[in-house]
1. For the list (1) of a type outside the set (Phe, Trp, Tyr); (2) surrounded by 15 or more Cβ atoms within 10 Å (Cβ to Cβ); (3) over 16 Å from ILE223 (Cβ atoms); (4) in contact (Cβ under 8 Å) with a residue 40 or more places away in the chain, I need the number of the one condition that GLU21 fails.
2. Kindly indicate the residue of the range 134-153 that is out of contact with any helix residue (DSSP H, G or I) (no Cβ under 6 Å at 6 or more places or on another chain) and crowded, with 18+ Cβ neighbours inside 10 Å and also nearest to GLY220 (Cα to Cα) among those meeting that condition.
3. Look at the range 17-51 and say how many of its residues are more than 25 Å from ALA69 (Cβ to Cβ) and part of a helix (DSSP H, G or I).
4. Kindly check whether there is at least one residue in the range 184-205 that is surrounded by 22 or more Cβ atoms within 10 Å (Cβ to Cβ), in contact (Cβ under 8 Å) with a residue 40 or more places away in the chain, closer than 17 Å to LYS112 by Cβ and not hydrophobic (A, V, I, L, M, F, W, C).
5. So for the range 70-85 (the condition being more than 26 Å from SER47 (Cα to Cα), touching a residue at least 24 places away in the same chain (Cβ under 8 Å) and in contact with a Gly (Cβ under 8 Å, 6 or more places away or on another chain)), does at least one residue qualify?
6. Can you tell which of VAL100, VAL16 is within 18 Å of the chain's Cα centre (by Cα) and not acidic (Asp, Glu)?
7. Going through LEU115, LEU107 one at a time, which residue ends up being touching a Leu at 6+ places or on another chain (Cβ under 8 Å), closer than 22 Å to CYS78 by Cα, of a type in the set (A, V, I, L, M, F, W, C) and in contact (Cβ under 8 Å) with a residue 12 or more places away in the chain?
8. Filter the range 103-125 down to residues that are farther than 20 Å from MET196 by Cβ and either in a helix (DSSP H, G or I) or aromatic (Phe, Trp, Tyr) (or both) and give me whichever is nearest to the chain's Cα centre (by Cα).
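Each value in this text was obtained by applying a stated rule to the coordinates, not by laboratory testing. Just so it is clear, the model here is predicted, and its values are computed rather than measured. FYI the Cβ positions are ideal-geometry reconstructions off the backbone, even for glycines, and counts take in every protein chain you see.
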Amino acid sequence: MNTTVPEGVQLAKDVVAMAKELPANVELVVAPPFTHLALVGEALKGSAVKLSAQNCADHEKGAYTGEVAVNMLTSVGCTYTILGHSERRQYYGETDEKLVVKTRLALDAGLKVILCVGENLQEREAGKHFEVVTEQTKAVLYNFTAQEMASVVIAYEPVWAIGTGKTATAEQAQEIHACIRSVVAEKFGVEVAQDMTILYGGSCKPSNARELFAQKDIDGGLIGGAALKAEDFLGIATAF
């Protein structure tokens, strides 16, 4: 929940301008607040930068005041939506069951889904991080088909490392990413798992991006605060 609409549009324009320097194998997606989507979508036209929402409703339409439906997102040019972000789970009580419904609606509307999973500090300190991430992944994705996995990206968020200044070591991040990939392979096969993009989403910044992205199973980042400056966001992207 950052930037006004004019600020967000300018940030998007700055990202587009800098993204021209990126190699073709790096995909950039920006996820502004709902209020910004239409105008940011206009600012992205003609560029390779994709547009994502930060969430979507769990109904197609109707009397759900304050919610935003998937067809509203596609109508302004969204090709992605983020679902299950740790803040949505923590502050707004989003459950795996609700995420199954949202994921179904998003995929049926032609949106790609960035599904967030991750453990909090208490779970990490209790040694339950593999268990938590495995269960979150299974609870949502095991309801879908191998073909649908081509439209799903997973983002691992160590909740204890978001906005705290703490960062999982590259090794800690890698072992969780490898665990997620194995959970996907268990259900959908090795080929689907290898093709799946798994992002790291815990205080990634230009200074640590290269080490994180060098890991075998880390395919990119879900960037928060560092994406509020185009230079930092592109600095992370060029580190890939």
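1. (2)
2. VAL153
3. Going through the range 17-51 one residue at a time, the tally reaches 3.
4. There is at least one residue in the range 184-205 that is surrounded by 22 or more Cβ atoms within 10 Å (Cβ to Cβ), in contact (Cβ under 8 Å) with a residue 40 or more places away in the chain, closer than 17 Å to LYS112 by Cβ and not hydrophobic (A, V, I, L, M, F, W, C).
5. Taking the range 70-85 as the starting set, the residues that turn out to be more than 26 Å from SER47 (Cα to Cα) are 84-85.
Of the ones still in play, those that are also touching a residue at least 24 places away in the same chain (Cβ under 8 Å) are 84-85.
Add one more test, that the residue is in contact with a Gly (Cβ under 8 Å, 6 or more places away or on another chain), and what stays is none.
Scanning the range 70-85 turns up no residue that is more than 26 Å from SER47 (Cα to Cα), touching a residue at least 24 places away in the same chain (Cβ under 8 Å) and in contact with a Gly (Cβ under 8 Å, 6 or more places away or on another chain).
6. On the way: VAL16 fails: within 18 Å of the chain's Cα centre (by Cα).
After applying the criteria, what remains is VAL100.
7. Within the list LEU115, LEU107, the selection yields LEU115.
8. LEU105
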